[in-house]
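Trainee: Before we start, here is the structure in question, set down as structure tokens.
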Amino acid sequence: MLQEPTITLKPNAGIRAKSEQDAQAIYRDLKAAIQNGTFAAGSRLPTERSLSNQFNAARNTVRKTMNQLASEGLIIRHVGRGTFVAENAGKAGAAGDEYELAELLEARLLFEPNLPDLVVERATPEHIAHMEEALHAMRHAVSWSEFKEAKYGLHLAIARGSRNRFIVSIFEQILASRRRAGWGRPGGHPAPVSAVRETAYRDNLEIVDALKRRDSVKAREAIEAYLLRTLSNASGD
């Protein structure tokens, strides 16, 4: 039986986890409010201070989330004036305008299996810890969006372990595209089935374990096999 890895969290791990949860909640709620018209195009959004109080979140967490919404074209930030909903926000980030999941997986297959060559040379113990935290979050996710955030967060952590900013930027764009698409799941099921979650956990545990052992060959094989299985499932739906 596979055993869940022992994860040694640093003292600030709990703070970081809360920050990530808060950021997801703020992002999800604000994006929904913009897209359903609660915040109309051109309207002014609440201040960072107000959002911080509303979500019981740190100001820097709010600022980071607002920057993400701005990068996706949903809001526009004006220094000294405030933050406003973009005029084309109703169209920006629509699921139909996003890349197909199969397209993204095909692209990932071109570069992601080669990441271990850099990761095993450059990843620090902190990078590995971040991978393990994401792996833990994936296995214990209670919603479909949490599951997908954790799964993509793991592969973003692997990309960051390469310490190559261009590679990280590519994967951040992939992650942003899937977020804008609303983490759509074939069949419309809103929550992860335990079997799906456990299978993904085992596949990704194999990847992380290989990286921890600095075994780039095994990590490459595990990543390629995982992406091929995922692509096959996506193409079959």
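Trainee: List His140, His127, His78, His155 from most exposed to least, where exposure is judged by having the fewest other Cβ atoms within 10 Å.
Mentor: His78, His140, His127, His155
Trainee: Here is a follow-up. For the range 13-85, what size does the Cα cloud have along each of its three principal axes, sorted from largest down, in whole Å?
Mentor: Per principal axis, max minus min of the Cα coordinates gives 38, 27, 21 Å.
Trainee: Mind putting a number on the dipole of the range 13-85 about its Cα centre? Charges go on the C-beta only, +1 for Lys and Arg and -1 for Asp and Glu, and I need it in Debye to the nearest 20.
Mentor: With Lys and Arg at +1 and Asp and Glu at -1, about 200 debye.
Trainee: Any of Lys18/Lys218; Lys64/Lys218; Lys64/Lys151 with alpha carbons more than 27 Å apart? Name them for me.
Mentor: Checking Cα-Cα distances, Lys18/Lys218; Lys64/Lys218 exceed 27 Å.
Trainee: May I pose another question? Given C-alpha coordinates of the range 96-236, what is the ratio Rg to Rh with the Kirkwood estimate of Rh?
Mentor: Values: Rg = 14.2 Å, Rh = 15.1 Å.
The Rg/Rh ratio comes out at 0.94.
Trainee: Moving to a separate point now. Just how large is the dipole of the range 96-236 about the Cα centre, in debye to the nearest 20, putting +1 at every Lys and Arg Cβ and -1 at every Asp and Glu Cβ?
Mentor: My answer is approximately 200 debye.
Only the coordinates and a few stated rules stand behind these numbers; no lab work does. As the structure is a computational prediction, the values presented were derived from the model and not from experiment. So basically every Cβ, Gly included, is an ideal-geometry build from the backbone, and we count neighbours across all protein chains shown.
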